[in-house]
1. Determine if region 566-587 includes at least one residue that is open to solvent by less than 20 Å² (accessible area, probe 1.4 Å), under 30 Å from N395 (Cβ atoms) and under 29 Å from the mean Cα position of the chain (by Cα).
2. Of all residues in region 598-656, which are of a type in the set (S, T, N, Q), open to solvent by 90 Å² or more (accessible area, probe 1.4 Å) and at pLDDT below 70?
3. Are there any pairs with C-beta distances below 7 angstrom linking a residue in region 232-257 that is among the aromatic types (F, W, Y) to a residue that is part of a helix (DSSP H, G or I) and surrounded by 17 or more Cβ atoms within 10 Å (Cβ to Cβ), with the two at least 6 apart or on different chains, and if so which?
4. Would you point out the residue of region 388-431, among those that are touching a residue at least 40 places away in the same chain (Cβ under 8 Å) and among the polar types (S, T, N, Q), that is farthest from the ligand (Cβ to nearest atom)?
5. Taking D484 and the conditions (1) surrounded by fewer than 20 Cβ atoms within 10 Å (Cβ to Cβ); (2) within 30 Å of R370 (Cβ to Cβ), which numbered condition does it fall short on, given that it satisfies the others?
6. Just name the residue that is nearest to the ligand (Cβ to nearest atom) out of those in region 235-279 that are part of a strand (DSSP E or B) and in contact with a Pro (Cβ under 9 Å, 6 or more places away or on another chain).
7. Can you list the strands (runs of 3 or more DSSP E) found entirely within region 156-198 that contain at least 3 residues being open to solvent by less than 10 Å² (accessible area, probe 1.4 Å)?
Amino acid sequence: MANITSILKEDRRFEPPRAFAERAHVGDLAAYHAAYRESLEAPDEFWGRIANAFRWTKPWTEVLDWSAAPFARWFVGGETNITDNCLDRHLATARRDKIAILWEGEPGDVRVFTYAELHREVCRFANALTRLGITKGDTIVLYMPMVPELAIAMLAAARIGATHSVIFGGFSATAVRDRVNDCGAKIIVTADGGYRRGQVVPLKAAVDEALLAGCPTVERVVVLSRTKTETAWVTGRDVHWADAVAGVSTDCAPVAVDSEHPLFVLYTSGTTGKPKGVVHTTGGYMVGTAYTSKLVFDLRDDDVYWCMADIGWVTGHSYVVYGPLANGATTFMYEGAPNFPEPDRFWKMIAKHRVSIFYTAPTAIRAFMRWGDAWPSQHDLSSLRLLGTVGEPINPEAWIWYRQKIGGERCPIVDTWWQTETGAIMISPLPGATPTKPGSATLPLPGIVPEVVDKDGHAVPDGSGGFLVIRRPWPSMLRTIHGDPERYQKQYWSQIAGAYFTGDGARCDADGYFWIMGRIDDVINVAGHRLGTMEIESALVAHPAVAEAAVVGRPDELKGQGIVAFVTLCAGRSVSQSNGAAQKMADELKSHVAKEIGAIARPDEIRFTDALPKTRSGKIMRRLLGDIAANRGTTGDTTTLEDLSVLAKLREQDEE
Ligand code: WT7
């Protein structure tokens with residue numbers, strides 16, 4: 001599988017197909033350059049014009065207030081409601097009876113909501129939330145499977161000015177508790193369970209466990225019946241979704257909120273043990289996701305658009321729900337696993353629903369490759385016209401396979417670079433305009449000013465690696481870390497003076513194309529999901545047998561990175577390799593991490609060691625451990641104390 005070196009050696013170039021370019025919103029590179037130039041020279045006019053396409057109940061007076069940088073205010077003084085723009089705005093047009101959400105459950109059940117129907121369901125649940133005591137300024141947590149009700153609940157919250165925080169259904173009860181307590185949610189909306197690979201994933205049970213452990217702000221739990229599984233019930237606290245909506249009106253006027261009113265908090269991993277609540281607000285996020293959806297996915301009224309991300313991640317927020325709906329698009333949602341009942345489930349659904357735009361992650365593409373070409377080749381994929389990827393660098397082999405086997409060599413590929421914090425796509429080809437190079441996210445979108453710099457903030461020459469920063473604020477940028485503005489300032493705006501620090505390494509080629517090389521901080525990217533090494537370490541040391549732990553990523557053919565944990569056990573808990581005790585302890589620790597954080601954080605390997613290599617100042621030498629985990633530059637068994645301390649001593653000087 002390709003590594004960074006082979007990514008950078010990839011020099012094929014693909015022009016936008018003529019047939020695509022002729023009908024595209026941005027049809028050639030000159031049009032892109034013109035928009036880019038305008039966005040830099042006259043940003044207020046540029047963003048103001050885009051924002052004017054939306055409905056504002058009170059117009060803004062200023063496009064950007066950056067006087068309290070890095071705390072931005074976009075569309076200052078404006079008032080709007082994002083659901084008015086995603087739903088009501090379309091009702092007076094032909095889109096009224098167009099499909100807004102097309103959904104397929106894992107068992108094969110299909111549900112369809114037109115814009116008029118979605119509007120009605122959102123109003124109904126908004127009224128239900130109001131009846132349960134939620135008002136503007138409150139926060140609700142959503143912990144749900146990928147069912148239409150998840151999108152409905154998000155939109156319902158936004159409709160009445162409540163802030164939502166979606167927690168990915170794969171996270172554990174402990175993770176739910178921590179997030180609920182950090183955001184102070186009054187209500188949790190969940191389901192009995194969801195379907196995944198033919199099994200029921202219990203959700204309500206995890207909520208019960210979280211609440212038992214202590215979530216003092218939670219007053220009510222709304223439970224959708226999805227899998228018809230029995231769950232424990234707390235009378236007075238728990239309410240069935242069906243009962244919550246019973247008898248409520250389907251009229252609910254959208255509550256106008258300030259442009260900077262918080263739309264959602266989404267937790268993501270950082271470089272400390274504690275996940276951070278990324279805060280996105282209303283006006284700028286709406287403008288940013290709508291604009292980028294239209295340009296990057298070249299959305300048209302006859303598209304069936306499918307972003308396969310779970311709504312529990314930012315990709316699902318921006319490109320399953322808000323971006324497509326703001327454009328009046330048909331957004332397809334699927335509940336379950338890609339290989340259930342067989343590895344051709346996705347291709348079957350693309351053929352069945354005539355999906356025209358498909359957006360997925362490199363890790364999924366590599367899994368499809370491994371499952372074999374026979375699966376996609378059995379299906380009619382001719383409805384597809386555009387493919388996208390996101391989440392991690394894509395290796396050229398996977399890119400080429402995607403283009404040939406899924407795109408029939410006819411579909412452009414958009415490799416979109418962005419982050420939870422950026423809210424919307426930042427660097428990506430425009431499919432009708434930008435020639436693509438496999439492995440490169442290509443050029444910045446209009447309004448976005450990325451740069452590759454050294455540690456002093458100076459631009460590095462073309463072809464050299466450096467830190468990826470963003471030089472100017474943009475509408476969908478995060479506004480703060482919930483409850484921790486200092487961390488926001490320190491983490492993102494202090495590492496390189498005056499610039500937003502992405503945490504990614506990158507290089508730029510002579511054409512100005514960006515090649516993202518991955519995280520340069522203590523964050524690893526496992527199957528397109530971000531995990532903090534410190535977070536996993538904290539989970540490990542919470543186990544009574546563990547004295548110290550250091551977690552590093554190592555290259556993984558399928559997942560991009562795998563997780564390796566180096567662990568020292570407490571005195572008296574040491575395990576011998578010979579009698580299987582080490583294996584047993586390793587399994588126990590893996591399950592422990594899965595329980596503390598979620599299955600995505602389960603280490604692939606645990607290595608026991610008597611000591612961790614540290615610098616004289618006590619810093620764990622992760623780079624060294626990373627080399628060992630990846631079998632780079634070391635030979636034989638390097639897990640013993642002797643090997644580590646010898647290596648540590650050798651490396652000590654250049655670490656300090
Ligand atoms: C990190 C953000 C927002 C998308 C889902 C992940 C990596 C994302 C790409 C890409 C190379 C990418 C970066 C980034 N990443 N897209 N096209 N090429 N790397 O969101 O969990 O906030 O993670 O994902 O390392 O910093 P996230």
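The values are calculated or read from the model by the stated rules, or taken from the named source; none is laboratory data. Keep in mind that what you see is a predicted model, and the values were worked out from it rather than measured. Here Cβ is always computed from backbone atoms with ideal geometry, including for glycine, and neighbour counts include all displayed protein chains. When the accessible area is computed, the model is the full protein with side chains, heavy atoms only, and any ligands, DNA or RNA have been set aside. Shrake-Rupley method; radii C 1.70, N 1.55, O 1.52, S 1.80 Å.
1. Yes, some residue in region 566-587 is open to solvent by less than 20 Å² (accessible area, probe 1.4 Å), under 30 Å from N395 (Cβ atoms) and under 29 Å from the mean Cα position of the chain (by Cα).
2. First, pick out the residues of region 598-656 that are of a type in the set (S, T, N, Q): 609, 615, 617, 631, 634-635, 638-640, 645, 653.
Now restrict to residues that are open to solvent by 90 Å² or more (accessible area, probe 1.4 Å): 617, 631, 635, 653.
Residues satisfying the conditions are S617, T635, Q653.
3. Every condition considered, the pairs that remain are W241/E149.
4. In this case the residue turns out to be N395.
5. Condition (2) is where D484 drops out.
6. Restricting attention to region 235-279, the residues satisfying the condition of being part of a strand (DSSP E or B) are 238-240, 257-258, 262-268, 276-279.
Adding the requirement that they be in contact with a Pro (Cβ under 9 Å, 6 or more places away or on another chain) leaves 267-268, 279.
Numbers: Y267: 10, T268: 5, V279: 14 Å.
Here the answer is T268.
7. Working: elements: 163-166, 187-191, 193-196.
It comes to 163-166, 187-191.
Let's see how each residue does on (1) more than 23 Å from G423 (Cβ to Cβ); (2) open to solvent by 10 Å² or more (accessible area, probe 1.4 Å); (3) small (G, A, S):
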{"site": "G498", "(1), (2), (3)": "no, yes, yes"}
{"site": "D511", "(1), (2), (3)": "yes, yes, no"}
{"site": "G518", "(1), (2), (3)": "no, yes, yes"}
{"site": "E537", "(1), (2), (3)": "yes, yes, no"}
{"site": "V551", "(1), (2), (3)": "yes, no, no"}
{"site": "D556", "(1), (2), (3)": "yes, yes, no"}
